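Reviewing the structure listed below.
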Amino acid sequence: MAAPVRRWLLAPEESAEAPHSKASTWRWGVNLLLVALGLAAGFTFAFQQLHYHWNWSGPWRYRALFWQGWFTTVALAGASLLVSTTLGVGAALLARSRLLPARALVRLYVEGIRGTPFLVQILLLFYVVAPAFRLENRLAVGVLALSLFSGAYITEIIRGGIEGIGKSQWETARAIGLTRTQTYRHVVLPQALRSILPSLAGQFVSLIKDSSLLSVIGIGEFALQAQQVNSQTYSTLESYLPLALGYLVLTLPLSLWTRRLERRAHFDT
Amino acid sequence: MDLRLQSIGKSFGGQSVLRDVALELTNVQALVLIGPSGGGKSTLLRMLAGLEPPTTGTVTLEGEPLHYHDDDALRRHRARTGFVFQAHNLFPHLTATENLLLPLVQVHGMTQDAALEQIDTLLRRFHLSDHAHKRPSQLSGGQQQRVAIARAVAIRPRWLLFDEPTSALDPEMTAEVLDMIAELRAEGRSFVLVTHQMGFARRVADHVAFVGFGGIPEHGQPADIFDQPRTPELKRFLHRVLSY
């Protein structure tokens, strides 16, 4: 390959990330744009083969429903994000406690949740567990289901982060007389959090998208409302494309933020 | 310090490292432990620090036995002990100042302001002020060890314990760390030092214990230990380490 072409197409060796200098940022941007245009051309071709008759007027009439659904999703995901993180930290600490029943509980929780479909968990919680405990608020059940589901993954992420903290850190904390709680609070968790932020943010992205499954118990979140619009207007693509866009608006900033965190963590060490 | 070890034994998973170790010292300021690697020096030091319980026997410091089965008593003992490890002493997410601040505020209940003032004085005295706001990753190995020693001193410990504080350092950094320890010696602080630096051991110690072969085959004044070793184990050890 000729040198100028190489310079435009290849990143410097040993660099997995997008390069940082001004010139290389520019080259990266051009590459990104070209690939995006290529993909767009592919999709345009596919849509043209379909001979689809776009009709945006139906979905537009129901735009209030979209908004309502989108805000419900934001609320659901936001609440679940807080609850599942709390749950994850708690369970990760329990998994490391000296109390064996506590460890067993966390083990069963994590394996049970990760090994079964989210759909089954939602149905089980909504039709069996929630009625038994007189939990009637649909949204609360939804937040609970999503938090329990995502919490299991967060537990594993945090546990991994804690286990990644070197033995010397625990030993030093012990040597200066910190209690176990103080060690977690001031030494272990701050360091663990730094290293797991990228994977944690990735889990949050999943959580936002997974909230769409709560439509099966009739929570009027974004995906359910898009389904409603579709069944009212028979404009399938016009109902579901805004759905994709609505999720992207939430998840893309999270991903970009993760990228930045990764780069920062890179410089820190 | 007054230190007494009575029939100390330690084994790890059936493998015994120390057997029936006894030592009685009164009024010693600087005790240096020398001996072959894997001979139990560090294990003994960690025992003194309250980081590792002996399998059998008693450790008595200043006339009081250490209670290895009482977690709170043990933590209080550790809080009054300034321990410096071979490396990785500092918390990497905290600056030098914050590393010193953590035990002062969390363990010793000082107010933030009082602690910061004391830290400032201490860092200045050890010529570390320029590094006060740096993270460990921005410091050289020697500077890291000096900050670690400053942290050990900051808590006003009853004694300092050094576990091979220079064995991860190059000669120049080793010198800067040893200078600091010599300074603390001149100041009258009590400490126990595990080291492979025989010249320094001789200069700084007022008592040397040769730890190895499951016990303490020989101990005494530095001049006796280094010039007139009696046991064949110590003779062989000194011959080996001093030949290069």
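Throughout, read-outs are computed from the coordinates displayed, never taken from laboratory work. Just so it is clear, the structure is predicted and the values come from calculations on it, not from any experiment. When we count neighbours, we look across all protein chains shown, and the Cβ atoms used for this are built from the backbone with ideal geometry, even at glycine.
Condition test on B:Gln144, is it in contact (Cβ under 8 Å) with a residue 24 or more places away in the chain, within 14 Å of chain A (Cβ to nearest Cβ) and not in a helix (DSSP H, G or I)? The answer is no for B:Gln144.
Restricting the first member to the range B:55-83 and to residues that are farther than 21 Å from B:Phe191 by Cα, and the second to residues that are part of a strand (DSSP E or B) and aliphatic (A, V, I, L, M), the beta-carbon pairs closer than 8 Å and six or more apart or on different chains are B:Thr56/B:Ile8; B:Gly57/B:Leu5; B:Gly57/B:Ile8; B:Gly57/B:Val21. Residues that are polar (S, T, N, Q) and facing another protein chain (nearest Cβ under 10 Å) within the range B:90-103 comprise just one, B:Asn99. Restricted to the range B:58-89, and to residues there that are in contact with a helix residue (DSSP H, G or I) (Cβ under 7 Å, 6 or more places away or on another chain) and more than 8 Å from chain A (Cβ to nearest Cβ), the residue that is farthest from A:Leu178 (Cα to Cα) is B:Val59. I want to confirm something. Restricting to the range B:104-139 and keeping residues that are of a type in the set (D, E, K, R) and either assigned to a loop (DSSP other than H, G, I, E, B) or over 23 Å from A:Ala175 (Cβ atoms) (or both), which single residue is nearest to the other protein chains (Cβ to nearest Cβ)? It comes out as B:Arg135. Spot the failing condition for B:Glu98; the list is (1) touching a residue at least 24 places away in the same chain (Cβ under 8 Å); (2) more than 19 Å from B:Leu160 (Cα to Cα); (3) of a type outside the set (Val, Ile, Thr), and only one is missed. Among (1) touching a residue at least 24 places away in the same chain (Cβ under 8 Å); (2) more than 19 Å from B:Leu160 (Cα to Cα); (3) of a type outside the set (Val, Ile, Thr), B:Glu98 violates only (1). Identify, by number, the condition in (1) touching a residue at least 24 places away in the same chain (Cβ under 8 Å); (2) on the phi > 0 side of the Ramachandran plot that B:Lys10 doesn't meet. B:Lys10 satisfies every listed condition except (2). Screening A:Val141 against (1) under 26 Å from B:Glu98 (Cβ atoms); (2) touching a Phe, Trp or Tyr at 6+ places or on another chain (Cβ under 6 Å) leaves a single unmet condition, (1). Of all positions in the range B:62-70, at least one carries a residue that is hydrophobic (A, V, I, L, M, F, W, C) and assigned to a loop (DSSP other than H, G, I, E, B). In the range A:90-97 there is no residue that is farther than 28 Å from A:Leu197 by Cβ and part of a helix (DSSP H, G or I).
Total residues in the range B:171-181 satisfying the condition of being among the aliphatic types (A, V, I, L, M) and touching a helix residue (DSSP H, G or I) at 6+ places or on another chain (Cβ under 6 Å): the figure is 4. Please go through the range A:163-207 and give me each residue that is among the hydrophobic types (A, V, I, L, M, F, W, C), in a helix (DSSP H, G or I) and within 14 Å of chain B (Cβ to nearest Cβ), ordered by number. A:Trp170, A:Ala173, A:Ala175, A:Val187, A:Val188, A:Leu189, A:Ala192, A:Leu193, A:Ile196, A:Leu197, listed by residue number.
Looking at A:Ala102, A:Ala145, A:Ala152, A:Ala75, just one residue is surrounded by 13 or more Cβ atoms within 10 Å (Cβ to Cβ) and closer than 29 Å to B:Asp70 by Cβ, and that residue is A:Ala102.
Of everything in the range A:46-64 that's over 30 Å from the mean Cα position of the chain (by Cα) and small (Gly, Ala, Ser), which residue is surrounded by the most Cβ atoms within 10 Å (Cβ to Cβ)? The selected residue is A:Gly58.
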